[in-house]
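The values are calculated or read from the model by the stated rules, or taken from the named source; none is laboratory data. Just so we're clear, the structure is a prediction, and the values are computed from it rather than from any experiment. Ideal geometry is used to build each Cβ from the backbone, glycine not excepted, and the neighbour counts take in all protein chains shown.
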Amino acid sequence: MNNKKRDKYVKALLCYMKSEIDKTGLPINHVFFNFAKSERKTYINAPDEITPEGDDLIQFKKICKINNKDLDTVLKYCSSMEYAYARNFERVELLEAGKALASSVEKAKLNKKFPTWLREILIAVISSVLTAIVLTFLQKYWGING
């Protein structure tokens, strides 16, 4: 996986975790995430034991199309950068640096939307001012009443 793709997944993961924490209203060190992968354990004299995927892994895969190998890479990277603490993937904890990065990503998304609104407002204002100037010109110099 290249760095650009990894960074995209890291930001998506951290934003997901921050969003889930915000829903609970709890401090970040009181919320844990389960990104455990499905496993099948086979035994000789007993039926196979199947461990399902973690709830958070299921939800995150709905938001972000990521395979298990890439998720391993992303979680290990988040742990090494101290964005999240992930000794095992069944109990992942968002850290302050990860929350800060997720907040900055959310703010950047909001800032991208703002210029579009501003542009639309400016266009509306400029077009109404130009219309008023043209009408004034027509009324004053050509005697046309509009």
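For this structure, a couple of remarks:
- Residue in the stretch 40-55 that is part of a helix (DSSP H, G or I) and modelled with pLDDT of 90 or more present: yes
- For the stretch 70-104, a residue qualifies if it is touching a residue at least 24 places away in the same chain (Cβ under 8 Å) and loosely packed, with under 12 Cβ neighbours inside 10 Å, and the qualifying residues are 88, 96.
- Selection count, the stretch 68-87, where residues are modelled with pLDDT of 90 or more and within 18 Å of residue 30 (Cα to Cα): 5
- Within the set 107, 23, 65, 61, the sole residue that is surrounded by fewer than 18 Cβ atoms within 10 Å (Cβ to Cβ) and either over 14 Å from the mean Cα position of the chain (by Cα) or modelled with pLDDT of 95 or more (or both) turns out to be 23.
- Hits in the stretch 38-63 (condition: closer than 14 Å to residue 13 by Cα and of a type in the set (Phe, Trp, Tyr)): 60
- Number of the exception - residue 51 against (1) surrounded by 12 or more Cβ atoms within 10 Å (Cβ to Cβ); (2) within 21 Å of residue 85 (Cα to Cα): (2)
- Lone unmet requirement of (1) outside any loop (DSSP other than H, G, I, E, B); (2) modelled with pLDDT of 85 or more for residue 139: (2)
- Residues in the stretch 56-88 that are β-branched (Val, Ile, Thr) and part of a helix (DSSP H, G or I): 58, 63, 73, 74.
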